[in-house]
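Peer 1: I have a structure here, written as structure tokens, and I will follow up with some questions on it.
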Amino acid sequence: MPRATRTLILINVGVFLLEQVYPRTLLQQFALWPLHTPLFRPWQLITYGFLHDPTHIAHIFFNMFALFMFGRSLEYYWGARRFVIYYLVCVVAAGLTQLAVQQSGGVLDETIGASGGIFGVLLAFAWYFPRQRLFVIPIPIPIPAWLFVTGYALVELFFGVTGREQSVAHFAHLGGLLGGALCILYWRARHRFVS
């Protein structure tokens with residue numbers, strides 16, 4: 001596993017273990033709290049992406065599994081530095097999107113999880129490896145990466161608009177996708193890497 005992907009996974013796992021000991025303290029200080037609450041701090045736009053639900057191991061497992069599966073290819077393609085920058089841009093974009101949604105809806109709940117960054121990674125993987133075939137349960141045949149990510153984004157949009165699964169930050173996921181797309185387009189416009 002390449003260095004940056006491994007480091008991101010280890011940080012997430014390490015923080016998850018700390019959450020088993022200090023869940024309340026870590027959530028109060030480092031989860032992303034709505035702007036209109038006294039708990040909001042600017043650094044939370046980054047730190048929330050390294051916290052996960054301390055009572056459900058599936059939350060961190062699926063996020064880290066996706067980072068392992070798709071992050072490796074992007075890091076080999078871009079290099080460690082560019083990959084980490086991209087990942088953090090997606091985390092911040094997802095956080096800003098979530099804050100905007102919370103502000104408009106008067107939500108008081110905190111946001112945690114690496115999913116915004118992971119959705120950005122999915123977008124980039126589909127962008128650069130669109131024909132890569134993926135096996136997705138329960139679909140019985142492999143599907144191309146571009147179709148998987150497009151379908152996943154549409155499902156997230158549907159759930160977000162209809163208000164289903166309110167405990168999931170669907171618009172944050174979409175914000176990670178949008179942040180990733182804008183980052184790639186910016187890099188392309190600046191001719192900072194070979195597409």
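No lab work stands behind these numbers, since they all come straight from the coordinates. Since this is a predicted model, take the numbers as computed values, not measurements. Note: ideal-geometry Cβ built from the backbone for every residue, glycine included; neighbour counts use all protein chains shown.
Peer 1: So if I check each of Q103, Q98, which one is closer than 22 Å to L157 by Cα and either basic (K, R) or loosely packed, with under 14 Cβ neighbours inside 10 Å (or both)? Please lay out each step first, then the result.
Peer 2: Working: Q98 fails: either basic (K, R) or loosely packed, with under 14 Cβ neighbours inside 10 Å (or both).
None of the other options fit; the residue is Q103.
Peer 1: Still on this structure, I have one more. Report the residue count in region 6-46 for those that are surrounded by 14 or more Cβ atoms within 10 Å (Cβ to Cβ) and closer than 19 Å to Y86 by Cβ.
Peer 2: 6
Peer 1: Being surrounded by 13 or more Cβ atoms within 10 Å (Cβ to Cβ) and either among the charged types (D, E, K, R) or without any contact (Cβ under 8 Å) to a residue 60 or more places away in the chain (or both): is that true of R3 here?
Peer 2: Details: surrounded by 13 or more Cβ atoms within 10 Å (Cβ to Cβ): no; either among the charged types (D, E, K, R) or without any contact (Cβ under 8 Å) to a residue 60 or more places away in the chain (or both): yes.
In short, no.
Peer 1: Here's a follow-up. Of (1) free of Cβ contacts under 8 Å to residues at least 60 places away in the same chain; (2) surrounded by fewer than 17 Cβ atoms within 10 Å (Cβ to Cβ), Y76 satisfies all except one. Which?
Peer 2: (1)
Peer 1: Please find, within region 4-46, the residue that is farthest from M69 (Cα to Cα) out of those that are of a type outside the set (V, I, T), part of a helix (DSSP H, G or I) and under 15 Å from the mean Cα position of the chain (by Cα).
Peer 2: Narrowing region 4-46 to residues of a type outside the set (V, I, T): 4, 6, 8, 10, 12, 14, 16-20, 22-24, 26-36, 38-45.
Okay, now just the ones that are also part of a helix (DSSP H, G or I), so 4, 6, 8, 10, 12, 14, 16-20, 23-24, 26-30, 44-45.
Checking which are under 15 Å from the mean Cα position of the chain (by Cα) leaves us with 8, 12, 44-45.
Working: L8: 13, N12: 16, Q44: 26, L45: 25 Å.
Filtering first and then ranking leaves Q44.
Peer 1: What's the number of the only condition in (1) exposed (fewer than 15 other Cβ atoms within 10 Å of the Cβ); (2) in contact (Cβ under 8 Å) with a residue 40 or more places away in the chain; (3) among the hydrophobic types (A, V, I, L, M, F, W, C) that F125 fails to meet?
Peer 2: Here F125 clears every test but (1).
Peer 1: Residues of region 36-69 being touching an Asp or Glu at 6+ places or on another chain (Cβ under 6 Å) and over 19 Å from G175 (Cβ atoms), which ones? First the steps, then the outcome.
Peer 2: First, the residues of region 36-69 that are touching an Asp or Glu at 6+ places or on another chain (Cβ under 6 Å): 54, 59.
The one that is touching an Asp or Glu at 6+ places or on another chain (Cβ under 6 Å) and over 19 Å from G175 (Cβ atoms): P54.
Peer 1: Does region 151-172 contain any residue that is surrounded by fewer than 19 Cβ atoms within 10 Å (Cβ to Cβ), within 14 Å of the chain's Cα centre (by Cα) and outside any loop (DSSP other than H, G, I, E, B)?
Peer 2: Yes, region 151-172 contains at least one residue that is surrounded by fewer than 19 Cβ atoms within 10 Å (Cβ to Cβ), within 14 Å of the chain's Cα centre (by Cα) and outside any loop (DSSP other than H, G, I, E, B).
Peer 1: May I pose another question? Within the group P130, P142, P138, which residue is in contact with a strand residue (DSSP E or B) (Cβ under 9 Å, 6 or more places away or on another chain) and either without any contact (Cβ under 8 Å) to a residue 12 or more places away in the chain or within 26 Å of L45 (Cα to Cα) (or both)?
Peer 2: Numbers: P130 fails: either without any contact (Cβ under 8 Å) to a residue 12 or more places away in the chain or within 26 Å of L45 (Cα to Cα) (or both); P138 fails: in contact with a strand residue (DSSP E or B) (Cβ under 9 Å, 6 or more places away or on another chain).
On inspection, the qualifying residue turns out to be P142.
Peer 1: Within region 110-141, which residues are in a loop (DSSP other than H, G, I, E, B), within 21 Å of the chain's Cα centre (by Cα) and over 27 Å from I57 (Cβ atoms)? Spell out the reasoning first.
Peer 2: Step one: of region 110-141, the residues in a loop (DSSP other than H, G, I, E, B) are 110, 112-114, 129-132, 135-141.
Going one step further and asking which of them are within 21 Å of the chain's Cα centre (by Cα), we end up with 110, 112-114, 129-130, 132, 135-137.
Matches in region 110-141: F129, P130, Q132.
Peer 1: Considering only region 137-156, I want to know if a residue exists there that is of a type outside the set (K, R) and touching a Cys at 6+ places or on another chain (Cβ under 8 Å).
Peer 2: Kept after step one, since they are of a type outside the set (K, R), are these residues of region 137-156: 137-156.
Then drop every residue that is not touching a Cys at 6+ places or on another chain (Cβ under 8 Å), which leaves none.
The answer is no; no qualifying residue exists.
Peer 1: How many residues are part of a loop (DSSP other than H, G, I, E, B) and either basic (K, R) or touching a strand residue (DSSP E or B) at 6+ places or on another chain (Cβ under 9 Å) (or both) when one looks only at region 86-109? Walk me through how you get there before you give the answer.
Peer 2: Initial filter on region 86-109 (part of a loop (DSSP other than H, G, I, E, B)): 106-109.
Right, trim to either basic (K, R) or touching a strand residue (DSSP E or B) at 6+ places or on another chain (Cβ under 9 Å) (or both) and you get none.
So the count comes out to 0.
Peer 1: Would you say G120 is surrounded by 23 or more Cβ atoms within 10 Å (Cβ to Cβ), over 17 Å from A31 (Cα atoms) and not hydrophobic (A, V, I, L, M, F, W, C)? Quick ask: steps written out before the conclusion?
Peer 2: Numbers: surrounded by 23 or more Cβ atoms within 10 Å (Cβ to Cβ): yes; over 17 Å from A31 (Cα atoms): yes; not hydrophobic (A, V, I, L, M, F, W, C): yes.
Answer is yes for this residue.
Peer 1: A follow-up question, please. I'd like to verify a number: residues in region 47-71 that are part of a helix (DSSP H, G or I) and surrounded by fewer than 18 Cβ atoms within 10 Å (Cβ to Cβ), how many? Give the steps one after another, and end with the answer.
Peer 2: Kept after step one, since they are part of a helix (DSSP H, G or I), are these residues of region 47-71: 47-50, 57-71.
Narrowing further to those that are surrounded by fewer than 18 Cβ atoms within 10 Å (Cβ to Cβ): 57-58, 61-62, 65, 68-69.
Of the residues in region 47-71, 7 are part of a helix (DSSP H, G or I) and surrounded by fewer than 18 Cβ atoms within 10 Å (Cβ to Cβ).
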